[in-house]
Amino acid sequence: MRKNRNNHTLTASAFLAPSMVGFLLIAAIPFALSFGISFTSWSGIKGLALFSPSFWQENFIGFENYAKILKSKEFWVSLLHVAQYMVLYIPLMLVSSLGIAMLLNKPRKGTAFFRLLFYIPVLTSWVAGAIIWKWVLDPQYGILNDILLRVGIEGPAWLQDPKWAMFGIVLASVWKDMGFYGLIFLGGLKNINPIYYEAAHLDGAGRFQSFLKITLPMLTPMVFFVLIISLINSFMLFPQVMIMTNAGPAGATQVIVERIYKYGFSYYKMGYASALSWLLFLIVFLFTYLQQKLQKKWVNYDA
Amino acid sequence: MLKKSTVILMVVLMVLGLFAGCQAPAAPEATEPVTTEEAMVTEPEAPAAEPITIDFMNFSANEGGLLTLGLMKDLFEKDNPNIKINIETFGWDTYGTQLQTRIGGGDAPDCFELGLDAFPSYVDQSAILPLDEMTAATTTDLSMLTEKSVQAFSLNGVKYGMPYSYSTVVLIYNKDLFDQAGVSYPTADWTWADADAAALKIKALGEDYYGLIQPISTYEFFKVVKQYNGGLLNDDNTAFTVNRAENVEALQRLVDNVQVTNICPSTEQRGSLDEWGMFKLGKTGMIVTGIWAFPSFTTDCAFNWDIAVEPGAVTKATHYFANGLAISADSENAEAAYKWIEFLATSEQVAQLRIQLGWELPCATYQTAMDQYAKLTPPANRQAVFDSLDYVVPVPQIAQFSQMGDILGAELEAAANGTKTPQQALDDAQAALEAAITLG
């Protein structure tokens with residue numbers, strides 16, 4: 001029995017080894033190193049010698065980076081921008097991906113085609129997607145403002161207007177992600193036993209009531225998963241900002257990861273960038289922990 | 001069930017497979033470093049058993065210059081059989097990240113190209129070698145490099161880079177629109193008042209016509225303030241002077257051109273079109289931009305265009321941008337690397353090759369090469385490229401220029417779109433810069 005279990009562990013290790021090596025090299029080691037770097041003034045354009053005493057003598061500055069970040073207005077403004085993004089993105093994404101899942105759940109002609117169609121943006125690279133959205137949101141020649149004009153609304157300048165730029169990025173992000181989250185919801189919907197709906201129908205429940213009392217509660221594990229993933233992704237907001245607005249106009253879409261990138265690779269302050277990353281990690285960790293704690297109150301795992 | 005030995009074998013194979021993919025290329029066997037005397041005096045050298053390989057990283061060959069750089073390498077290697085050049089070319093977008101990662105990871109290329117704006121940061125971090133000693137030891141004639149270009153890559157009197165290529169920013173104008181509006185063409189003695197007046201007449205040609213495209217960005221602004229006798233920093237670069245009166249006056253004009261007369265299109269009016277794209281549409285009279293636009297405008301503009309030296313205000317000031325060549329502080333073959341970068345900077349053949357293939361202008365001022373360049377059209381008035389050199393002001397030489405550019409840029413955008421007055425924007429920029437950057 002014991003030998004058998006050992007064999008299982010070994011087999012599992014064999015299959016995990018390649019990805020573990022990758023994880024150690026690409027994620028875990030840099031992750032640990034960045035913690036050390038965050039206490040230094042290392043620029044990133046000199047060799048990194050974390051195990052040499054002279055490196056520490058030259059570069060060690062204690063908690064100075066962390067103190068500077070917490071005192072800087074820029075950090076809090078960037079966080080506020082992330083919060084703005086979340087407030088707009090998460091509800092819109094939840095509604096649209098759930099809507100797609102509901103539409104694709106019913107067997108109709110062409111369902112497979114539409115499933116693919118909604119999933120294509122997920123596979124598209126952000127560079128291509130963001131460039132398309134820059135055209136869509138063009139105030140003069142963009143298709144979105146053209147449609148709005150046809151129904152009598154004069155569209156804003158989206159990405160060129162500090163008040164609307166973040167919303168423009170939200171629209172592109174929802175388009176990109178709704179296929180992925182839609183698929184997760186679709187999996188959840190397929191798992192709901194039809195017997196519940198039949199019983200509800202017999203009891204005289206309408207469609208809306210069935211949705212509210214059966215579908216939504218049964219989907220809560222998916223909603224929870226999607227919430228956690230989308231929350232973490234929101235904190236990681238980066239490629240679309242770099243390509244669509246480069247943090248502009250007038251800094252209106254400046255966000256934390258964009259700041260980390262700029263401090264590390266443009267301002268040559270790798271120590272400061274590392275400290276920013278660790279603060280971001282703490283924030284994401286805290287939010288995920290809170291969600292995990294609160295889930296007991298609303299997530300229903302009884303399928 | 002898998003046998004234990006099979007499983008162990010699988011683990012080993014998979015892990016080895018992973019490493020095989022990311023194995024570093026075999027390092028050339030250690031050779032005796034070339035001494036200064038050997039490198040400088042004996043030419044051509046007798047081929048040694050194992051030549052030194054120099055890693056050279058650059059970005060400017062990325063846009064159509066790869067073959068030309070290859071030809072330059074062949075020329076060099078023919079004369080220096082003991083040195084082999086390994087060229088690594090990256091696009092501008094990723095170049096800084098690539099270079100930084102290589103240096104940070106302890107695998108710095110021996111020599112590399114640096115833009116004028118990034119150069120003070122590398123000096124500040126002692127990431128590149130001073131070149132004065134090597135220059136003193138060389139027998140090569142360096143007189144074709146102008147004092148100004150050598151100065152651009154020197155800091156506190158120490159030379160850190162070989163000037164490689166340069167560009168200037170000029171006023172490019174749509175001749176057809178000037179004809180249509182009945183306005184005479186810009187000349188070298190124009191001031192902004194002349195340009196703005198002409199722009200107004202061109203704007204009057206039609207609803208979606210504009211007179212001038214002049215970006216409201218840090219790269220434009222650092223020079224415009226000089227035209228008003230202002231400046232973003234004090235004389236010895238120890239304090240920001242962003243909100244001084246002359247700068248506010250300069251910004252007021254730029255903003256009024258967008259907000260009041262609208263001779264310049266706003267970012268909303270431009271939408272997703274960049275400045276060049278807007279000019280290429282053929283409905284904008286003038287654009288202030290770099291001479292690197294020439295190949296693109298030659299291909300894409302369906303109208304006649306020419307250039308003039310950029311107008312001034314109280315005085316004239318033009319934008320000079322240069323790329324230089326530096327040697328890594330970690331290079332083990334600095335002397336050999338120096339020979340290569342000196343060759344690139346000073347060789348007449350290199351200068352001619354650059355011009356023949358329409359690459360950026362070489363800093364080496366060989367008359368034959370310059371004459372060849374001046375003959376290329378459009379633009380007909382190519383001489384204005386050289387005339388602009390009389391008024392050049394380099395970008396501020398501070399290690400934190402990139403961060404400064406972003407902070408100021410955001411405030412300039414706020415002024416341009418009308419959310420802040422020029423005074424407010426520059427006051428806020430001054431405060432933000434003082435909080436974020438310690439100079440001196």
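Read-outs: derived from the displayed coordinates by stated rules, not from any lab. These numbers were taken from a predicted model, which means no experiment stands behind them. For neighbour counting, all protein chains shown are included, and Cβ atoms are generated from backbone atoms with ideal geometry for every residue, glycine included.
Simple rule: put +1 on each Lys or Arg Cβ and -1 on each Asp or Glu Cβ in chain A, find the dipole, and look at A:Tyr301, A:Phe225, A:Ser173; the Cα lying farthest toward the positive end is A:Tyr301. Divided by 2.2 N^0.38 Å, where N counts the residues, the Cα radius of gyration of chain A comes to 1.23. Helical runs (DSSP H, four residues minimum) scored at -39500 (n - 2.57) apiece and divided by the length of chain B put the mean residue ellipticity at 222 nm at -13000 deg cm²/dmol. The magnitude of the dipole of region A:64-298, with charges of +1 and -1 set on the Cβ of Lys/Arg and Asp/Glu and taken from the Cα centre, is near 420 debye.
Applying the criteria of a DSSP loop state and at most 12 other Cβ atoms within 10 Å to the trypsin sites (Lys or Arg not before Pro) of region A:98-155 yields A:Arg108, A:Lys109. Taking the DSSP bridge list for chain B and keeping only pairs wholly inside it, about 65 percent are antiparallel. Within region B:256-317, the proportion of C-alpha pairs whose separation exceeds 14 Å stands at 63%.
Taken about its Cα centre, chain B carries a charge dipole of about 1120 debye when Lys and Arg each add +1 at the Cβ and Asp and Glu each add -1 at the Cβ.
Sparsely packed loop sites in region B:48-98 (the chymotrypsin sites (Phe, Trp or Tyr not before Pro) outside DSSP H, G, I, E and B with at most 15 other Cβ atoms within 10 Å) do not occur. Using the Cβ-Cβ distance between B:Thr101 and A:Met102 with R0 set to 51 Å, the FRET efficiency from 1/(1 + (r/R0)^6) comes to roughly 0.65. Compute the helix-to-body angle for A:73-105: its Cα long axis versus the longest principal axis of chain A, expressed 0 to 90° and rounded to tens. Long axis of A:73-105 versus the principal axis of chain A: about 30 degrees.
Think of the protein assembly as shown as a dipole: +1 on every Lys or Arg Cβ, -1 on every Asp or Glu Cβ, centred on the Cα centre; then among A:Ile143, B:Ile291, A:Leu48, A:Ile143 lies furthest on the positive end.
In this simple spin-label approximation, A:Phe31 and A:Phe51 carry label points 7 Å from Cα along the Cα→Cβ vector, and these lie 2.1 nm apart. Comparing A:Gly188, B:Thr377, B:Phe221 along the charge dipole axis of the protein assembly as shown, the residue lying farthest to the positive side is A:Gly188, per the Cβ-charge model. For the pair region A:171-241 and region B:192-207, the centres of their Cα atoms are 57 angstrom apart. Placing a pseudo-label 7 Å from each Cα along the Cα-to-Cβ vector at A:Lys213 and B:Thr191 gives an inter-label distance of 8.2 nm.
For the pair B:Leu142 and B:Asp274, a Förster radius of 41 Å applied to the C-beta separation gives a FRET efficiency near 0.60, rounded to the nearest 0.05. Per residue of peptide A:154-166, the mean number of Cβ atoms on other chains within 10 Å of the residue Cβ is 3. When +1 charges are put on Lys and Arg Cβ atoms and -1 charges on Asp and Glu Cβ atoms, the dipole computed for the protein assembly as shown relative to its Cα centre reaches about 4780 debye.
Axis angle, to the nearest 10 degrees, between helix B:245-259 and the longest C-alpha principal axis of chain B: 70 degrees.
Relative to the longest principal axis of the Cα atoms of chain A, the long axis of helix A:165-191 makes an angle of roughly 60 degrees. Quick one: grab the alpha carbon gyration tensor of chain B, order the square roots of its eigenvalues as a ≥ b ≥ c, and give me rounded if a/c is under 1.5, else prolate or oblate depending on whether a/b is larger than b/c. Here chain B falls in the prolate category.
Defining a contact as two alpha carbons under 8 Å apart and six or more residues distant in sequence, what relative contact order in percent does region A:64-298 show? Result for region A:64-298 is 27 percent. Shown here is the pair-distance distribution of the protein assembly as shown: with all Cα-Cα distances grouped in 10 Å bins from zero up to the longest one, the shares run 2, 11, 19, 22, 20, 14, 8, 3, 1, 0, 0 percent.
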